[in-house]
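A short write-up of the structure that comes next.
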Amino acid sequence: MWSTQVAIIGAGPSGLLLSQLLQRSGIASIVLERQSRTHVEARIRAGLLEWTSVELLLEAGVGERMIREGLVHDGFEVAWADTHHRIDLKGLAGRSMLVYGQSEIERDLAEARAAEPGAVVWEACDVALSDWDAPRPRVTYTHRSVREEIRCDFIAGCDGFHGVSRASVPPDRLTAYERVYPFGWLGVLADVPPLSDELVYANHERGFALCSMRSRGRSRYYVQCPLEDTVEQWTDERFWSELRARLPRHYAARLVTGPSLEKSIAPLRSFVTEPMRFGQLFLVGDAAHIVPPTGAKGLNLAVADVRVLWRGLVEFYGSRSTQLLDEYSARALQRVWKATRFSWWFTTLMHRFSEDRFAHRLQLAELDYLAQSSAAACSLAENYVGLGFEPGRCQE
Ligand code: FAD
Ligand code: DHB
(Lines give C-alpha, C1' and ligand atoms only; values in the text may rest on other atoms or scores of the structure.)
(Ligands and ions follow the chains in the order given, each with its own letter.)
Protein backbone atom coordinates (compact mmCIF):
# COMPACT_ATOMS: atom_id res chain seq x y z
CA MET A 1 0.00 0.00 0.00
CA TRP A 2 1.22 3.48 -0.91
CA SER A 3 0.53 6.72 0.95
CA THR A 4 0.49 10.26 -0.38
CA GLN A 5 -1.16 13.60 0.31
CA VAL A 6 -3.01 14.04 -3.01
CA ALA A 7 -3.93 11.22 -5.41
CA ILE A 8 -4.44 12.63 -8.90
CA ILE A 9 -6.44 10.67 -11.48
CA GLY A 10 -5.41 11.46 -15.07
CA ALA A 11 -2.20 12.86 -16.59
CA GLY A 12 -3.80 15.31 -19.00
CA PRO A 13 -2.75 18.95 -18.67
CA SER A 14 -4.75 19.47 -15.46
CA GLY A 15 -3.41 16.39 -13.64
CA LEU A 16 0.23 16.94 -14.57
CA LEU A 17 0.11 20.68 -13.88
CA LEU A 18 -1.48 20.17 -10.45
CA SER A 19 1.12 17.56 -9.57
CA GLN A 20 3.97 19.84 -10.71
CA LEU A 21 2.66 22.85 -8.74
CA LEU A 22 2.12 20.71 -5.62
CA GLN A 23 5.64 19.33 -5.85
CA ARG A 24 7.06 22.87 -5.96
CA SER A 25 4.98 23.70 -2.87
CA GLY A 26 6.32 20.70 -0.96
CA ILE A 27 3.09 18.68 -1.21
CA ALA A 28 3.31 15.02 -2.25
CA SER A 29 1.11 13.55 -4.98
CA ILE A 30 0.85 10.48 -7.20
CA VAL A 31 -0.70 10.72 -10.68
CA LEU A 32 -2.47 7.64 -12.10
CA GLU A 33 -2.87 7.66 -15.89
CA ARG A 34 -4.64 4.98 -17.92
CA GLN A 35 -2.69 5.61 -21.13
CA SER A 36 1.03 5.45 -21.94
CA ARG A 37 3.15 8.61 -21.89
CA THR A 38 3.71 8.31 -25.66
CA HIS A 39 -0.04 8.19 -26.27
CA VAL A 40 -0.75 11.22 -24.06
CA GLU A 41 1.99 13.32 -25.67
CA ALA A 42 0.78 12.50 -29.20
CA ARG A 43 -2.84 13.64 -28.73
CA ILE A 44 -3.59 16.70 -30.87
CA ARG A 45 -6.01 18.99 -29.06
CA ALA A 46 -6.07 22.63 -28.01
CA GLY A 47 -3.58 25.21 -29.17
CA LEU A 48 -4.37 28.59 -27.70
CA LEU A 49 -3.45 29.80 -24.20
CA GLU A 50 -4.85 32.73 -22.25
CA TRP A 51 -2.22 34.82 -20.55
CA THR A 52 -3.25 33.70 -17.06
CA SER A 53 -2.63 30.09 -18.22
CA VAL A 54 0.80 31.13 -19.54
CA GLU A 55 1.59 32.70 -16.15
CA LEU A 56 0.63 29.58 -14.21
CA LEU A 57 2.77 27.35 -16.45
CA LEU A 58 5.66 29.75 -15.85
CA GLU A 59 5.03 29.63 -12.10
CA ALA A 60 5.11 25.83 -12.34
CA GLY A 61 8.61 26.08 -13.87
CA VAL A 62 7.60 24.53 -17.20
CA GLY A 63 7.36 27.65 -19.35
CA GLU A 64 10.84 28.03 -20.80
CA ARG A 65 10.20 26.28 -24.16
CA MET A 66 6.68 27.73 -24.30
CA ILE A 67 8.05 31.29 -24.13
CA ARG A 68 10.78 30.47 -26.68
CA GLU A 69 8.57 28.70 -29.22
CA GLY A 70 5.04 30.02 -28.54
CA LEU A 71 3.58 32.64 -30.88
CA VAL A 72 2.09 35.76 -29.28
CA HIS A 73 -1.20 36.78 -30.94
CA ASP A 74 -2.56 40.29 -30.35
CA GLY A 75 -5.74 39.77 -32.37
CA PHE A 76 -7.70 37.49 -34.71
CA GLU A 77 -9.92 37.78 -37.78
CA VAL A 78 -13.61 37.04 -38.10
CA ALA A 79 -14.73 36.42 -41.71
CA TRP A 80 -18.18 36.21 -43.31
CA ALA A 81 -19.87 36.97 -46.62
CA ASP A 82 -16.55 37.57 -48.40
CA THR A 83 -15.49 40.20 -45.87
CA HIS A 84 -13.43 40.09 -42.69
CA HIS A 85 -12.87 42.12 -39.55
CA ARG A 86 -9.97 42.11 -37.09
CA ILE A 87 -10.63 41.83 -33.36
CA ASP A 88 -7.81 43.75 -31.68
CA LEU A 89 -7.42 41.76 -28.46
CA LYS A 90 -4.50 43.81 -27.14
CA GLY A 91 -6.14 47.14 -27.91
CA LEU A 92 -9.63 46.22 -26.73
CA ALA A 93 -8.98 43.91 -23.78
CA GLY A 94 -5.35 44.71 -22.94
CA ARG A 95 -4.18 41.09 -23.29
CA SER A 96 -2.72 38.76 -25.90
CA MET A 97 -3.00 35.00 -26.42
CA LEU A 98 -0.21 32.47 -26.94
CA VAL A 99 -0.28 29.78 -29.62
CA TYR A 100 1.39 26.70 -28.09
CA GLY A 101 0.02 23.21 -28.64
CA GLN A 102 -1.48 21.15 -25.84
CA SER A 103 0.77 18.24 -26.85
CA GLU A 104 3.81 20.48 -26.27
CA ILE A 105 2.49 21.43 -22.81
CA GLU A 106 1.98 17.74 -22.04
CA ARG A 107 5.57 17.01 -23.14
CA ASP A 108 6.99 19.82 -20.99
CA LEU A 109 4.98 18.74 -17.94
CA ALA A 110 5.67 15.02 -18.36
CA GLU A 111 9.39 15.75 -18.63
CA ALA A 112 9.33 17.88 -15.48
CA ARG A 113 7.42 15.20 -13.54
CA ALA A 114 9.82 12.47 -14.79
CA ALA A 115 12.47 14.06 -12.55
CA GLU A 116 10.61 12.57 -9.57
CA PRO A 117 10.53 8.76 -9.93
CA GLY A 118 7.09 7.28 -9.23
CA ALA A 119 5.29 10.64 -9.42
CA VAL A 120 3.31 9.48 -12.47
CA VAL A 121 2.12 5.91 -12.94
CA TRP A 122 1.50 5.49 -16.68
CA GLU A 123 -0.76 2.66 -17.88
CA ALA A 124 -2.59 2.31 -14.55
CA CYS A 125 -5.70 0.16 -15.27
CA ASP A 126 -9.03 -0.23 -13.51
CA VAL A 127 -8.61 2.80 -11.25
CA ALA A 128 -11.29 2.79 -8.52
CA LEU A 129 -12.06 5.48 -5.90
CA SER A 130 -13.42 4.68 -2.45
CA ASP A 131 -14.00 6.40 0.91
CA TRP A 132 -13.80 9.81 -0.80
CA ASP A 133 -16.41 11.04 1.69
CA ALA A 134 -14.16 10.01 4.63
CA PRO A 135 -10.94 11.69 5.89
CA ARG A 136 -8.53 9.10 4.30
CA PRO A 137 -9.79 8.16 0.83
CA ARG A 138 -8.44 5.12 -1.06
CA VAL A 139 -7.58 4.67 -4.71
CA THR A 140 -6.93 1.21 -6.11
CA TYR A 141 -5.51 0.35 -9.54
CA THR A 142 -3.67 -2.34 -11.47
CA HIS A 143 -0.15 -1.72 -12.71
CA ARG A 144 1.94 -4.37 -14.48
CA SER A 145 -0.66 -6.98 -13.45
CA VAL A 146 -0.38 -6.10 -9.71
CA ARG A 147 -3.32 -4.60 -7.83
CA GLU A 148 -2.10 -1.58 -5.83
CA GLU A 149 -3.67 0.76 -3.28
CA ILE A 150 -3.00 4.40 -2.39
CA ARG A 151 -4.18 6.06 0.82
CA CYS A 152 -4.38 9.85 0.62
CA ASP A 153 -5.89 13.03 2.11
CA PHE A 154 -7.50 14.25 -1.13
CA ILE A 155 -8.33 12.95 -4.59
CA ALA A 156 -8.15 15.28 -7.61
CA GLY A 157 -10.30 13.91 -10.43
CA CYS A 158 -8.42 15.21 -13.49
CA ASP A 159 -9.48 12.33 -15.74
CA GLY A 160 -11.50 14.09 -18.40
CA PHE A 161 -15.10 13.77 -19.51
CA HIS A 162 -15.09 9.94 -19.75
CA GLY A 163 -13.07 9.35 -16.56
CA VAL A 164 -13.86 7.36 -13.45
CA SER A 165 -13.92 10.25 -10.93
CA ARG A 166 -17.24 11.89 -11.82
CA ALA A 167 -18.70 8.42 -12.48
CA SER A 168 -17.85 7.44 -8.86
CA VAL A 169 -20.27 10.04 -7.47
CA PRO A 170 -23.86 8.80 -7.02
CA PRO A 171 -26.09 10.60 -9.55
CA ASP A 172 -28.28 12.10 -6.81
CA ARG A 173 -25.28 14.02 -5.42
CA LEU A 174 -24.71 16.08 -8.58
CA THR A 175 -26.59 18.13 -11.15
CA ALA A 176 -25.47 18.01 -14.78
CA TYR A 177 -26.33 20.61 -17.40
CA GLU A 178 -25.79 19.66 -21.02
CA ARG A 179 -26.18 20.87 -24.59
CA VAL A 180 -25.16 18.69 -27.52
CA TYR A 181 -24.61 20.49 -30.85
CA PRO A 182 -25.83 18.95 -34.12
CA PHE A 183 -22.42 18.93 -35.86
CA GLY A 184 -18.73 18.16 -35.30
CA TRP A 185 -15.36 19.66 -36.14
CA LEU A 186 -13.10 17.93 -38.62
CA GLY A 187 -9.54 18.94 -37.75
CA VAL A 188 -6.45 18.64 -39.95
CA LEU A 189 -2.83 19.21 -38.99
CA ALA A 190 -0.38 19.89 -41.85
CA ASP A 191 3.14 21.15 -42.30
CA VAL A 192 2.17 24.14 -44.43
CA PRO A 193 2.59 27.83 -43.58
CA PRO A 194 -0.47 29.26 -41.77
CA LEU A 195 -3.04 31.12 -43.85
CA SER A 196 -2.28 34.38 -42.07
CA ASP A 197 -0.25 35.70 -39.11
CA GLU A 198 -3.42 35.53 -37.01
CA LEU A 199 -6.28 33.03 -36.60
CA VAL A 200 -9.25 33.33 -38.95
CA TYR A 201 -12.76 32.23 -37.82
CA ALA A 202 -15.16 32.02 -40.79
CA ASN A 203 -18.95 31.94 -40.87
CA HIS A 204 -20.10 30.56 -44.23
CA GLU A 205 -23.34 29.20 -45.66
CA ARG A 206 -21.55 25.86 -46.15
CA GLY A 207 -20.57 25.84 -42.45
CA PHE A 208 -17.94 27.16 -40.03
CA ALA A 209 -14.20 27.07 -40.72
CA LEU A 210 -11.20 27.94 -38.53
CA CYS A 211 -7.64 28.55 -39.66
CA SER A 212 -5.29 28.14 -36.73
CA MET A 213 -1.66 27.13 -36.36
CA ARG A 214 0.90 25.46 -34.14
CA SER A 215 4.03 27.19 -35.47
CA ARG A 216 5.16 29.26 -38.45
CA GLY A 217 5.45 26.05 -40.48
CA ARG A 218 2.58 24.00 -39.05
CA SER A 219 -1.12 24.78 -39.53
CA ARG A 220 -4.21 23.50 -37.74
CA TYR A 221 -7.43 23.84 -39.72
CA TYR A 222 -11.01 22.89 -38.90
CA VAL A 223 -14.29 22.69 -40.82
CA GLN A 224 -17.75 22.08 -39.36
CA CYS A 225 -19.01 18.66 -40.55
CA PRO A 226 -22.05 16.42 -40.02
CA LEU A 227 -21.82 14.35 -36.82
CA GLU A 228 -22.28 11.12 -38.79
CA ASP A 229 -19.22 11.75 -40.99
CA THR A 230 -16.12 9.60 -40.63
CA VAL A 231 -12.52 10.61 -41.25
CA GLU A 232 -12.36 8.08 -44.12
CA GLN A 233 -14.98 10.11 -46.01
CA TRP A 234 -12.69 13.14 -45.95
CA THR A 235 -9.71 12.78 -48.28
CA ASP A 236 -7.11 15.55 -48.02
CA GLU A 237 -8.32 16.91 -51.38
CA ARG A 238 -11.93 17.10 -50.19
CA PHE A 239 -10.88 18.83 -46.96
CA TRP A 240 -8.76 21.49 -48.67
CA SER A 241 -11.39 22.25 -51.26
CA GLU A 242 -14.11 22.56 -48.58
CA LEU A 243 -11.94 24.82 -46.44
CA ARG A 244 -11.12 27.03 -49.44
CA ALA A 245 -14.82 27.29 -50.34
CA ARG A 246 -15.65 28.63 -46.85
CA LEU A 247 -13.04 31.44 -46.85
CA PRO A 248 -13.33 34.94 -48.31
CA ARG A 249 -11.70 35.03 -51.80
CA HIS A 250 -8.84 37.14 -50.47
CA TYR A 251 -7.84 34.31 -48.09
CA ALA A 252 -8.85 31.38 -50.32
CA ALA A 253 -6.36 32.58 -52.94
CA ARG A 254 -3.43 32.29 -50.53
CA LEU A 255 -4.26 29.00 -48.79
CA VAL A 256 -1.27 26.64 -49.03
CA THR A 257 -2.23 22.95 -48.93
CA GLY A 258 -0.24 19.78 -48.28
CA PRO A 259 -0.54 16.22 -46.94
CA SER A 260 -2.31 15.92 -43.57
CA LEU A 261 -0.27 14.72 -40.58
CA GLU A 262 -3.40 14.07 -38.50
CA LYS A 263 -7.12 14.15 -39.15
CA SER A 264 -9.87 13.70 -36.58
CA ILE A 265 -13.53 14.50 -35.93
CA ALA A 266 -14.64 15.85 -32.54
CA PRO A 267 -18.27 16.26 -31.43
CA LEU A 268 -19.27 19.58 -29.83
CA ARG A 269 -20.84 19.67 -26.39
CA SER A 270 -21.46 22.03 -23.45
CA PHE A 271 -21.56 20.23 -20.11
CA VAL A 272 -21.31 21.46 -16.51
CA THR A 273 -21.46 19.43 -13.29
CA GLU A 274 -22.42 21.05 -10.01
CA PRO A 275 -20.88 20.98 -7.48
CA MET A 276 -17.25 20.26 -8.33
CA ARG A 277 -16.36 18.93 -4.87
CA PHE A 278 -17.66 15.83 -3.06
CA GLY A 279 -16.07 15.32 0.36
CA GLN A 280 -12.33 14.86 -0.27
CA LEU A 281 -12.84 14.46 -4.04
CA PHE A 282 -12.36 17.49 -6.30
CA LEU A 283 -13.31 17.39 -9.99
CA VAL A 284 -10.95 19.39 -12.20
CA GLY A 285 -11.06 20.41 -15.89
CA ASP A 286 -12.93 18.25 -18.42
CA ALA A 287 -13.98 15.84 -15.63
CA ALA A 288 -16.36 18.57 -14.44
CA HIS A 289 -17.11 20.61 -17.57
CA ILE A 290 -16.82 20.58 -21.36
CA VAL A 291 -17.22 23.49 -23.74
CA PRO A 292 -17.43 23.45 -27.54
CA PRO A 293 -13.96 24.34 -28.88
CA THR A 294 -14.99 27.66 -30.52
CA GLY A 295 -12.96 30.26 -28.63
CA ALA A 296 -10.50 27.71 -27.18
CA LYS A 297 -11.70 27.79 -23.58
CA GLY A 298 -11.49 24.05 -22.62
CA LEU A 299 -7.80 23.85 -21.76
CA ASN A 300 -7.78 27.32 -20.21
CA LEU A 301 -10.67 26.42 -17.89
CA ALA A 302 -8.82 23.29 -16.81
CA VAL A 303 -5.74 25.38 -15.96
CA ALA A 304 -7.92 27.88 -14.04
CA ASP A 305 -9.44 25.05 -11.93
CA VAL A 306 -5.93 23.82 -11.14
CA ARG A 307 -4.92 27.28 -9.94
CA VAL A 308 -7.83 27.46 -7.48
CA LEU A 309 -7.35 23.90 -6.16
CA TRP A 310 -3.57 24.24 -5.84
CA ARG A 311 -3.96 27.44 -3.78
CA GLY A 312 -6.54 25.73 -1.57
CA LEU A 313 -4.26 22.75 -0.94
CA VAL A 314 -1.27 25.01 -0.19
CA GLU A 315 -3.39 26.93 2.33
CA PHE A 316 -4.62 23.67 3.91
CA TYR A 317 -1.18 22.13 4.34
CA GLY A 318 0.29 25.47 5.46
CA SER A 319 -2.29 26.46 8.08
CA ARG A 320 -4.90 23.67 8.21
CA SER A 321 -7.46 26.24 7.04
CA THR A 322 -10.05 24.73 4.70
CA GLN A 323 -11.48 28.09 3.61
CA LEU A 324 -10.13 28.09 0.04
CA LEU A 325 -10.88 24.40 -0.42
CA ASP A 326 -14.43 25.02 0.78
CA GLU A 327 -14.72 27.80 -1.81
CA TYR A 328 -13.23 25.70 -4.66
CA SER A 329 -16.46 24.67 -6.29
CA ALA A 330 -18.17 28.08 -6.16
CA ARG A 331 -15.05 29.94 -7.37
CA ALA A 332 -14.38 27.54 -10.23
CA LEU A 333 -18.02 27.45 -11.33
CA GLN A 334 -18.24 31.24 -11.59
CA ARG A 335 -15.60 31.19 -14.30
CA VAL A 336 -16.88 27.94 -15.83
CA TRP A 337 -20.39 29.31 -16.43
CA LYS A 338 -19.05 32.51 -18.01
CA ALA A 339 -16.84 30.50 -20.36
CA THR A 340 -19.74 28.13 -21.06
CA ARG A 341 -21.89 31.09 -22.04
CA PHE A 342 -19.14 32.58 -24.24
CA SER A 343 -18.33 29.30 -26.02
CA TRP A 344 -22.04 28.66 -26.63
CA TRP A 345 -22.49 32.22 -27.97
CA PHE A 346 -19.44 32.10 -30.25
CA THR A 347 -20.46 28.65 -31.52
CA THR A 348 -24.01 29.89 -32.19
CA LEU A 349 -22.74 32.97 -34.02
CA MET A 350 -20.30 31.12 -36.28
CA HIS A 351 -21.91 27.75 -37.21
CA ARG A 352 -24.65 26.70 -39.56
CA PHE A 353 -27.34 25.01 -37.47
CA SER A 354 -30.07 24.36 -40.03
CA GLU A 355 -31.60 25.51 -43.30
CA ASP A 356 -33.22 28.36 -41.33
CA ARG A 357 -32.47 31.43 -43.49
CA PHE A 358 -33.81 33.75 -40.80
CA ALA A 359 -31.23 32.44 -38.31
CA HIS A 360 -28.45 32.93 -40.87
CA ARG A 361 -29.50 36.55 -41.52
CA LEU A 362 -29.42 37.20 -37.77
CA GLN A 363 -25.86 35.87 -37.66
CA LEU A 364 -24.83 38.21 -40.49
CA ALA A 365 -26.46 41.16 -38.73
CA GLU A 366 -24.61 40.35 -35.50
CA LEU A 367 -21.28 39.99 -37.35
CA ASP A 368 -21.89 43.35 -39.01
CA TYR A 369 -22.65 44.84 -35.59
CA LEU A 370 -19.40 43.35 -34.26
CA ALA A 371 -17.50 45.16 -37.00
CA GLN A 372 -19.25 48.48 -36.37
CA SER A 373 -19.53 48.60 -32.59
CA SER A 374 -16.45 48.78 -30.38
CA ALA A 375 -18.69 47.77 -27.44
CA ALA A 376 -19.61 44.51 -29.21
CA ALA A 377 -16.01 43.86 -30.27
CA CYS A 378 -14.85 44.63 -26.73
CA SER A 379 -17.23 42.08 -25.24
CA LEU A 380 -15.91 39.42 -27.61
CA ALA A 381 -12.30 40.41 -26.93
CA GLU A 382 -12.51 40.36 -23.13
CA ASN A 383 -14.23 36.97 -23.09
CA TYR A 384 -11.74 35.58 -25.63
CA VAL A 385 -8.65 36.60 -23.63
CA GLY A 386 -10.30 35.13 -20.52
CA LEU A 387 -12.33 36.71 -17.77
CA GLY A 388 -9.53 36.89 -15.24
CA PHE A 389 -9.56 37.90 -11.66
CA GLU A 390 -9.55 41.61 -12.38
CA PRO A 391 -12.09 43.44 -14.59
CA GLY A 392 -11.11 43.81 -18.25
CA ARG A 393 -10.16 47.13 -19.78
CA CYS A 394 -13.57 47.32 -21.48
CA GLN A 395 -15.21 47.71 -18.09
CA GLU A 396 -13.12 50.72 -17.01
P1 FAD B 1 -7.90 15.52 -20.44
O2 FAD B 1 -6.95 16.22 -21.32
O3 FAD B 1 -9.04 14.81 -21.07
O4 FAD B 1 -7.06 14.51 -19.58
C5 FAD B 1 -7.65 13.47 -18.84
C6 FAD B 1 -6.66 12.35 -18.66
O7 FAD B 1 -7.23 11.35 -17.82
C8 FAD B 1 -6.32 11.66 -19.97
O9 FAD B 1 -4.93 11.56 -20.11
C10 FAD B 1 -6.99 10.31 -19.86
O11 FAD B 1 -6.28 9.31 -20.56
C12 FAD B 1 -6.97 10.08 -18.36
N13 FAD B 1 -8.00 9.17 -17.89
C14 FAD B 1 -9.29 9.07 -18.29
N15 FAD B 1 -9.93 8.12 -17.61
C16 FAD B 1 -9.03 7.58 -16.75
C17 FAD B 1 -9.11 6.56 -15.79
N18 FAD B 1 -10.24 5.87 -15.58
N19 FAD B 1 -8.01 6.27 -15.07
C20 FAD B 1 -6.86 6.96 -15.28
N21 FAD B 1 -6.73 7.96 -16.19
C22 FAD B 1 -7.81 8.25 -16.91
N23 FAD B 1 -9.88 22.64 -26.19
C24 FAD B 1 -9.58 23.80 -26.73
O25 FAD B 1 -9.53 24.79 -25.98
N26 FAD B 1 -9.33 23.90 -28.09
C27 FAD B 1 -9.35 22.79 -28.90
O28 FAD B 1 -9.11 22.89 -30.09
C29 FAD B 1 -9.67 21.56 -28.36
N30 FAD B 1 -9.71 20.44 -29.13
C31 FAD B 1 -10.03 19.23 -28.53
C32 FAD B 1 -10.09 18.06 -29.29
C33 FAD B 1 -10.41 16.84 -28.69
C34 FAD B 1 -10.48 15.58 -29.53
C35 FAD B 1 -10.69 16.78 -27.29
C36 FAD B 1 -11.03 15.46 -26.63
C37 FAD B 1 -10.61 17.96 -26.55
C38 FAD B 1 -10.29 19.18 -27.15
N39 FAD B 1 -10.22 20.36 -26.41
C40 FAD B 1 -9.93 21.53 -26.97
C41 FAD B 1 -10.44 20.39 -25.01
C42 FAD B 1 -9.13 20.37 -24.25
O43 FAD B 1 -8.22 19.55 -24.91
C44 FAD B 1 -9.49 19.91 -22.87
O45 FAD B 1 -10.31 20.89 -22.27
C46 FAD B 1 -8.28 19.61 -22.00
O47 FAD B 1 -7.58 18.51 -22.50
C48 FAD B 1 -8.73 19.34 -20.56
O49 FAD B 1 -7.68 18.84 -19.83
P50 FAD B 1 -7.92 17.81 -18.68
O51 FAD B 1 -6.57 17.54 -18.12
O52 FAD B 1 -8.97 18.31 -17.78
O53 FAD B 1 -8.54 16.50 -19.37
C1 DHB C 1 -7.71 26.24 -31.87
C2 DHB C 1 -8.88 25.70 -31.47
C3 DHB C 1 -9.93 26.53 -31.15
O4 DHB C 1 -11.09 26.02 -30.72
C5 DHB C 1 -9.84 27.88 -31.25
O6 DHB C 1 -10.91 28.65 -30.96
C7 DHB C 1 -8.67 28.41 -31.62
C8 DHB C 1 -7.60 27.58 -31.93
C9 DHB C 1 -6.59 25.36 -32.23
O10 DHB C 1 -6.70 24.14 -32.09
O11 DHB C 1 -5.55 25.87 -32.66
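The values are calculated or read from the model by the stated rules, or taken from the named source; none is laboratory data. All values derive from a computational prediction rather than experimental measurement. When we count neighbours, we look across all protein chains shown, and the Cβ atoms used for this are built from the backbone with ideal geometry, even at glycine. These area figures cover heavy atoms from the full protein model, side chains too; ligands, DNA and RNA do not enter into them. Shrake-Rupley method; radii C 1.70, N 1.55, O 1.52, S 1.80 Å.
Could you check the spin-label model distance between Asp326 and Gln5? Points 7 Å from the Cα along Cα→Cβ, value in nm.
2.1
Would you grab the residues whose amide H sits under 5 Å from the one on Met213? Only those 5+ places off in sequence or on another chain, please, with H modelled 1.01 Å from N.
The answer is Arg220.
Between Rg and the Kirkwood Rh of the chain, both from Cα atoms, what is the Rg to Rh ratio?
Values: Rg = 21.3 Å, Rh = 21.9 Å.
Expressed as Rg/Rh, it is 0.98.
Heavy atoms only, 1.4 Å probe, whole protein assembly: order Phe316, Phe358, Phe154 by accessible area, highest first.
Numbers: Phe316 30, Phe358 140, Phe154 10 Å².
Sorted by accessible area, descending: Phe358, Phe316, Phe154.
Could you run the Karplus curve 6.51 cos²θ - 1.76 cosθ + 1.60 with θ = phi - 60° over region 358-366 and give me ³J(HN,Hα) per residue in whole Hz, x for Gly and Pro?
4, 4, 5, 5, 5, 4, 4, 5, 5
If each DSSP helix of 4+ residues adds -39,500 (n - 2.57) and the sum is divided by the residues in the chain, what number results at 222 nm, nearest 500 deg cm²/dmol? Working shown, then result.
Working: 13 runs with 146 residues, N = 396.
About -11000 deg cm²/dmol.
Once phi is turned into ³J(HN,Hα) by the Karplus curve 6.51 cos²θ - 1.76 cosθ + 1.60 with θ = phi - 60°, what whole-Hz value does each residue of region 314-326 show in order, with x for glycine and proline?
Computed from phi, the couplings for region 314-326 are 5, 5, 4, 6, x, 10, 6, 7, 9, 4, 5, 5, 5 Hz.
Work out, step by step, the length gained on full extension between Glu228 and Glu355: first 0.36 nm times the residue separation, then minus their alpha carbon distance; give nm to one decimal.
In short, 43.9 nm is gained.
Show me, for region 103-117, the HN-Hα J-couplings you get by feeding each phi into the Karplus relation (A = 6.51, B = -1.76, C = 1.60, θ = phi - 60°), rounded to Hz, glycine and proline as x.
So the J values, rounded to whole Hz, are 5, 5, 4, 4, 4, 4, 5, 5, 5, 5, 6, 5, 5, 10, x.
Per residue, how much accessible area does region 59-167 show when a 1.4 Å probe rolls over the protein heavy atoms, in square angstrom?
Details: 4710 Å² over 109 residues.
Each residue of region 59-167 exposes 43 Å² on average to a 1.4 Å probe.
On the protein heavy atoms, probe 1.4 angstrom, tell me the percent of accessible surface of region 54-178 carried by carbon and sulfur. If you can, show how the numbers build up before the last one.
Working: 2720 of 5710 Å².
Exposed carbon and sulfur together represent 48 percent of the surface.
Over region 177-248, average the accessible area per residue using a 1.4 Å probe and give it in Å², no decimals. Walk me through the numbers before you get to the answer.
Values: 3010 Å² over 72 residues.
Here the residues of region 177-248 average 42 Å² of exposed surface.
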